[in-house]
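Undergrad: Below are the structure tokens for one structure; questions will follow.
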Amino acid sequence: MEKIDNNKISSWWLLVPTSFLYIITFFIPLITLLVMSFSRFESSVTTVGFYLDNYEKILTDGITLKIFFQTVELSLMITLFCLLLGYPVAMLMRRVGPKARLWILLLVVSPLLTSIIVRNVAWVLILGRSGMINDLLISWGLISKPLPLMYNTFGVVLAVVHVYLSFMVLPLFAALSSINNSLEEAAASLGAKPLSIFLNVTLPLSLPGIMAGCTLVFILSMGVYLTPVIMGGNFVVTLPMLIEDAVRNRYNWPEASAMALLLLIAIGIMIVISSSIQKWVKS
Amino acid sequence: MKKNKNKLSTISRREIIKGAGAATATVLVTPYFFVKAHAASDPKHMRMYNFDGNLGDFYTKHWYGPFMEKFDVKMDFIRLKGSRAPLEKVQAQINAGQPETDVLPLHPDQVIFAKRNDLMRNVTRSEIPESKNFYDQFFTEYGPNLVLWCYGLAYNTEKVKPAPTSWKILWDKQYAGKVALNEGLKDQTLQMVNLAFKGSPYPVDAETFKHLSDIRPGLVSLWGSGADAEQLFRNDEIVMTPFWNGRVTKLKKEGLPLEFATPDEGFFVRSSVYGIPKNARNPEMALEWLNWVMGKGPQKKMVEFGYGTPNKLVEHTPEEAKAVIVADPEVVKKAVKEDFTRILDNSASWTDMWTKWKST
């Protein structure tokens, strides 16, 4: 018994370097963020203390909460589109041979291999007033004046989905690959139609992948900054944009910290919901 | 098997403890040595901010390169996005004991913030002999004002006729869907709206935003940086936007049919104070650089690039005078004075109003 305890202690020592690293790079900044969020910013000077000004402002200024919910809404929209587009791709990857699967995988992750600026500028060339799509539609006589394809929510969602699709496809593919083909074959041999097999066998068994993909995409979307700035023409406002403005243009670290904590809490809630659903699915 | 396992775990435990101790010590001690090494000051080594895009290329070619060669100095550069130094970061660095740059360019509102938080070293005229050739109003307690830039109206000469003389042309229905405003320095936009409709840049109030709401359906974008606006012109997304003169000069050199107008209601002239942050590693070389860059030669290069200079000795060709704007006393009469204390103190409420406006 004593030996087992010693073994346990020795294995705990393995965690010491990582723990120190986490303390220095994660917990201390997090505590600083918390302390800063209760500080006061007045006449360009920050006073550390216990003030509720920043939280009061967030709750009562009539705009920060609104932008926060807009960010949640945008993130949910991006997550939904990623799921709708990603599921068929993951299904296809499961069905095709290894060579074709590799090509699809490369296609899906390719946006991650490109610089964010290059990617967004490419979208500008495609979706702009004189972009590829508008030029084609006008030359075919389908429209008389350019469609507003960017500098709005559509442009932002399209550009973000393009990148985050891979974060949906990979967990979905992992979940779908782990489903035993014989279950679907058994359902088919008992007379179930393809739609029924999908709804009653494939979809429920792939729920862990759906939840993992949705959680990942939602969390990433809540923090997305540069793409809305470029593709939304600053008309699509997200909470990270307010945080950036508070820090860069107003030097108001306390307010920015409070908003960052709000974002963290929202992400924490999403993770709790996601793991609860996964537990419920397993049970 | 069990015996072997125990033996293995005993040996491993010692090794693990030693290894963990060493690793922990490394994790704890490395930042100390890093900071010490970082703090070591080499008199022939400077750390400077540089800008992105054309202005950054200009600095490298005309303000940093020749100085390094002449004074046999090594410079490391930190590239900035846009023209605004990250004062929020530098403030934290100064408080921690060492800023990452030896020279800090400050926008006018940043100067007030720096003063309130005691971030800059005082610089006197006697420390910079070249300051004798500068107009008095362009030398501050923290250093010289360099790079005089104007905020006026950039327009496409082929698509906007006749040449605009008023900011109100942005509200003209015939240009709806072809104009943009800047969010990067939103205070300038708000002051511009007030100039157009109230004749004075202040106060920023509900009426200001009512006029912004009127223009809102016709706006293509609220661009964030000068580079974004350049792209809007290049892609033919817009025909007109409030802009800075140097960017227009650059686009004209690229062959775009653009011109810069100074509306009759007034326009703005700004410049940056180049100073030395407190606890800078090499203030002596920073002073040397400031003195050199204020000289006639480097200042003439800036004029050729498209921005104005406070150096009295620099002469302008007619084209240069037209491009830099501030060389023409008649045009300068239209320049409107800005209240940067008000801008800084109201930035929170203006931002709230701005965010509310654009998200409705």
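The values are calculated or read from the model by the stated rules, or taken from the named source; none is laboratory data. Only a predicted model underlies this, so the values are computations on that prediction, with no experimental measurement involved. Cβ: placed from backbone, ideal geometry, glycine included. Neighbour counts: every protein chain shown. Please note that ligands, DNA and RNA were not included when accessible areas were found on the heavy atoms of the full protein model with its side chains. Shrake-Rupley method; radii C 1.70, N 1.55, O 1.52, S 1.80 Å.
Undergrad: What pairs can you find where one residue is in the range A:51-76 and free of Cβ contacts under 8 Å to residues at least 40 places away in the same chain, the other is among the β-branched types (V, I, T), and their Cβ atoms are less than 7 Å apart, with a gap of 6+ or different chains?
TA: The qualifying pairs are A:I63/B:T355; A:L65/A:I58.
Undergrad: Here is a further query. Quick one: in the range A:132-166, which of the residues that are crowded, with 22+ Cβ neighbours inside 10 Å and closer than 23 Å to B:V239 by Cβ is nearest to the other protein chains (Cβ to nearest Cβ)?
TA: Within the range A:132-166, the match that is nearest to the other protein chains (Cβ to nearest Cβ) is A:Y151.
Undergrad: Does the range A:73-84 contain at least one residue that is within 14 Å of chain B (Cβ to nearest Cβ), of a type outside the set (A, V, I, L, M, F, W, C) and under 15 Å from the mean Cα position of the chain (by Cα)?
TA: Scanning the range A:73-84 turns up at least one residue that is within 14 Å of chain B (Cβ to nearest Cβ), of a type outside the set (A, V, I, L, M, F, W, C) and under 15 Å from the mean Cα position of the chain (by Cα).
Undergrad: Next up: Out of the residues in the range A:110-124 that are within 18 Å of B:R234 (Cα to Cα) and exposed (fewer than 13 other Cβ atoms within 10 Å of the Cβ), state the one that is nearest to the other protein chains (Cβ to nearest Cβ).
TA: A:I117
Undergrad: Go over the candidates B:G97, B:G82 one by one and state the one that is at positive phi, open to solvent by 30 Å² or more (accessible area, probe 1.4 Å) and either in contact with a helix residue (DSSP H, G or I) (Cβ under 6 Å, 6 or more places away or on another chain) or not assigned by TED's automatic domain parsing to the domain that holds B:A180 (or both).
TA: That would be B:G97, the only listed residue that is at positive phi, open to solvent by 30 Å² or more (accessible area, probe 1.4 Å) and either in contact with a helix residue (DSSP H, G or I) (Cβ under 6 Å, 6 or more places away or on another chain) or not assigned by TED's automatic domain parsing to the domain that holds B:A180 (or both).
Undergrad: Can you name every one of the helices (runs of 4 or more DSSP H) wholly within the range A:181-283 that holds 1 or more residues which are open to solvent by 50 Å² or more (accessible area, probe 1.4 Å)?
TA: Qualifying helices (runs of 4 or more DSSP H): A:181-189, A:194-197, A:207-222, A:239-248, A:253-282.
Undergrad: Within the range B:310-330, track down each residue that is in contact (Cβ under 8 Å) with a residue 60 or more places away in the chain and crowded, with 17+ Cβ neighbours inside 10 Å. Steps first, please.
TA: Looking only at the range B:310-330, we keep the residues that are in contact (Cβ under 8 Å) with a residue 60 or more places away in the chain, and these are B:310-313, B:323-326.
B:P310, B:N311, B:A323, B:V324, B:I325, B:V326, listed by residue number.
Undergrad: Is it the case that the range B:162-176 has a residue that's farther than 24 Å from A:A246 by Cβ and crowded, with 24+ Cβ neighbours inside 10 Å? Outline the logic, then answer.
TA: Kept after step one, since they are farther than 24 Å from A:A246 by Cβ, are these residues of the range B:162-176: B:162-176.
Restricting the remaining residues to those that are crowded, with 24+ Cβ neighbours inside 10 Å gives B:170.
Yes - at least one qualifying residue is present in the range B:162-176.
Undergrad: Another question, if that's okay. Residues in the range B:100-114 that are charged (D, E, K, R) and open to solvent by 10 Å² or more (accessible area, probe 1.4 Å): how many?
TA: 2
Undergrad: Let me ask you something else. May I ask you to verify whether A:L190 is of a type in the set (A, V, I, L, M) and farther than 19 Å from A:L264 by Cα?
TA: yes
Undergrad: Among the residues of the range A:217-257, write down those that are within 21 Å of the chain's Cα centre (by Cα) and at positive phi.
TA: Matches in the range A:217-257: A:G233, A:N234.
Undergrad: Kindly check whether there is at least one residue in the range A:224-247 that is within 12 Å of another protein chain (Cβ to nearest Cβ), farther than 29 Å from A:V118 by Cα and modelled with pLDDT under 90. If you could, list the steps in order and put the result at the bottom.
TA: First pass over the range A:224-247, keeping only residues within 12 Å of another protein chain (Cβ to nearest Cβ): A:225-226, A:228-239, A:241-247.
Next, from what is left, pick out any that are farther than 29 Å from A:V118 by Cα: none.
Checked against the condition, which is being within 12 Å of another protein chain (Cβ to nearest Cβ), farther than 29 Å from A:V118 by Cα and modelled with pLDDT under 90, the range A:224-247 yields no hits at all.
Undergrad: Name, by its number, the condition in (1) buried (at least 17 other Cβ atoms within 10 Å of the Cβ); (2) part of a loop (DSSP other than H, G, I, E, B); (3) within 14 Å of another protein chain (Cβ to nearest Cβ) that does not hold for B:E338.
TA: All conditions pass for B:E338, except number (3).
Undergrad: Which one is surrounded by the fewest Cβ atoms within 10 Å (Cβ to Cβ) among residues in the range B:227-244 that are within 17 Å of A:F235 (Cα to Cα) and more than 10 Å from chain A (Cβ to nearest Cβ)?
TA: Filtering the range B:227-244 for residues that are within 17 Å of A:F235 (Cα to Cα) and more than 10 Å from chain A (Cβ to nearest Cβ), the one surrounded by the fewest Cβ atoms within 10 Å (Cβ to Cβ) comes out as B:T241.
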